[in-house]
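These notes are about the structure you will find just below.
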Amino acid sequence: MTGQLRHMLRDDDITHDEQLQILRLAMHFREDRFYHRPFEGPQAVAVLFDKPSTRTRSSFSVGVAELGGYPLVIDKSGSQLGRGEPVADTARVLTRMTSAIVWRTFGQERVEEMAQYATVPVVNALTDQFHPCQVLADFLTIAQLRGGVDALAGKSIAYLGDAANNMANSYLLAGATAGMDVRVSGPNGYLPDERIVKDAQAIAETTGGSILVTTDPAEAVRGVDCVFTDTWVSMGEEGEYAIRSKPFWKYQVNDGLMALAKPDALFQHCLPAYRGKEVTAGVIDGPQSVVWEEAENRLHAQKALLTWLIGIQRDDESMLS
């Protein structure tokens, strides 16, 4: 690897200009899936899963292969991590055999410890606190359909529902980094950590973005370019849906709320979606929904991120054109 070792553990690990570089590269991969193959050899990328996955598993496995590499997919049940091996020990082993480590896990401290001991890039493929790969794909979708990467600054986005989760945190930080007008809305008791909000506000002051946290879904959605939501119940809590979903019903994305956004506003959902709960079937299956483009863009955004992280992107400015 050339240049400085970089990781993607949370959305503000990259600057505004670096986010643009990654998204421009992702647009190249959208146009030509084999545009660049930096893992030819093949070099291996460890892809670790402590949580179930469809889109993350598929997009990273296919993506690494399309980059010319070998996706070494390891489930919790098939690794010593699942039996209590220290994260530091796993990092020391994988870093000698792979060119990057991707991990979908629970606490943020786990990926941070992995990065502390790894000498290859570490990517947060989802933790309880952040989901940076998803939001890169979401912003790529807006860029794809609404004027390109350079048009992201100044766009307005709204996230509705459980605003104390990883998606809300990532939209705040990544949206501020992009220079967007970011609005997050949820019920009292389910609002973002104030530390994340302050971090996002500090970034927005440097990029021209803005941050709004509100309990009023109409205030959040009014006039925005894109509306986001996520499931109201996290993995492992499905049995408590009836109880846990009660505070969220007024945040359901339905035709009435979408009508408050711009007439051409996009709807996105990181999936899996529960129709009739956080979003109605009429919205997610309607003409403003771009969830399938969004899902595909996980592939392109993550290929771009891995390419950039291993140093190819930062050393070859011609790839930005």
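The values are calculated or read from the model by the stated rules, or taken from the named source; none is laboratory data. What you see is a predicted model; the values in this text were computed from it and never measured. Cβ atoms come from the backbone with ideal geometry, glycine included; neighbour counts cover every protein chain shown. In case anyone asks, the SASA skips ligands and DNA or RNA and just uses the protein heavy atoms, side chains included. Shrake-Rupley method; radii C 1.70, N 1.55, O 1.52, S 1.80 Å.
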Consider residue 79 against the criteria (1) at pLDDT below 95; (2) open to solvent by 30 Å² or more (accessible area, probe 1.4 Å); (3) of a type outside the set (A, V, I, L, M, F, W, C): it satisfies all of them except one. Which criterion is unmet?
(2)
Collect the residues in segment 262-279 that are in contact with a strand residue (DSSP E or B) (Cβ under 7 Å, 6 or more places away or on another chain) and either under 17 Å from residue 135 (Cβ atoms) or in a loop (DSSP other than H, G, I, E, B) (or both), keeping them in residue-number order.
265, 266, 267, 268, 269, 273, 278
If I filter segment 246-261 down to residues being in contact (Cβ under 8 Å) with a residue 24 or more places away in the chain and in a helix (DSSP H, G or I), which single residue comes out as most open to solvent (accessible area, probe 1.4 Å)?
250
Residues that are crowded, with 18+ Cβ neighbours inside 10 Å, of a type in the set (A, V, I, L, M, F, W, C) and either in contact with a Gly (Cβ under 9 Å, 6 or more places away or on another chain) or under 16 Å from residue 130 (Cβ atoms) (or both), drawn from segment 1-21:
8, 9, 14
Pairs only if they're at least six apart or on different chains, beta carbon under 9 angstrom, first in segment 69-94 and under 17 Å from residue 107 (Cα atoms), second open to solvent by less than 40 Å² (accessible area, probe 1.4 Å) and of a type in the set (Ser, Thr, Tyr); list them, first residue then second.
76/105; 81/90; 81/105; 85/79; 90/79
Restricting attention to segment 227-245, and to residues there that are of a type outside the set (Asp, Glu) and assigned to a helix (DSSP H, G or I), which single residue is modelled with the lowest pLDDT?
239
Could you run through segment 58-84 and say how many residues are closer than 22 Å to residue 295 by Cα, in contact with a helix residue (DSSP H, G or I) (Cβ under 9 Å, 6 or more places away or on another chain) and in a helix (DSSP H, G or I)?
7
Residues of segment 88-114 classified as within 30 Å of residue 197 (Cβ to Cβ), assigned to a helix (DSSP H, G or I) and either open to solvent by 10 Å² or more (accessible area, probe 1.4 Å) or β-branched (Val, Ile, Thr) (or both), total
6
Quick one: count up the residues across segment 177-197 that are free of Cβ contacts under 8 Å to residues at least 60 places away in the same chain and within 28 Å of residue 24 (Cα to Cα).
7
Across segment 290-316, what is the total count of residues that are open to solvent by less than 20 Å² (accessible area, probe 1.4 Å), modelled with pLDDT of 95 or more and not β-branched (Val, Ile, Thr)?
13
How many of the residues in segment 130-151 are part of a loop (DSSP other than H, G, I, E, B) and over 11 Å from the mean Cα position of the chain (by Cα)?
3
If the requirement is being touching a residue at least 24 places away in the same chain (Cβ under 8 Å), small (Gly, Ala, Ser) and under 13 Å from residue 159 (Cβ atoms), which of these qualifies: 204, 273, 220?
220
For residue 190, indicate whether it is touching an Asp or Glu at 6+ places or on another chain (Cβ under 8 Å) and outside any strand (DSSP E or B).
yes
Tally time: how many residues in segment 115-162 are surrounded by 17 or more Cβ atoms within 10 Å (Cβ to Cβ) and of a type in the set (Gly, Ala, Ser)?
8
Restricted to segment 22-44, and to residues that are open to solvent by 10 Å² or more (accessible area, probe 1.4 Å) and in a helix (DSSP H, G or I), which residue is nearest to residue 153 (Cα to Cα)?
24
Let me spell it out: the conditions are (1) part of a helix (DSSP H, G or I); (2) crowded, with 20+ Cβ neighbours inside 10 Å; (3) not acidic (Asp, Glu), and residue 47 meets all of them except one. Which number is the exception?
(1)
Can you run down the residue pairs with Cβ atoms below 6 Å, 6 or more apart or on separate chains, where the first is in segment 43-56 and free of Cβ contacts under 8 Å to residues at least 40 places away in the same chain and on the phi > 0 side of the Ramachandran plot and the partner is open to solvent by 20 Å² or more (accessible area, probe 1.4 Å) and of a type in the set (Val, Ile, Thr)?
none
The number of residues in segment 163-194 that are closer than 19 Å to residue 126 by Cβ, open to solvent by 20 Å² or more (accessible area, probe 1.4 Å) and hydrophobic (A, V, I, L, M, F, W, C) is 1
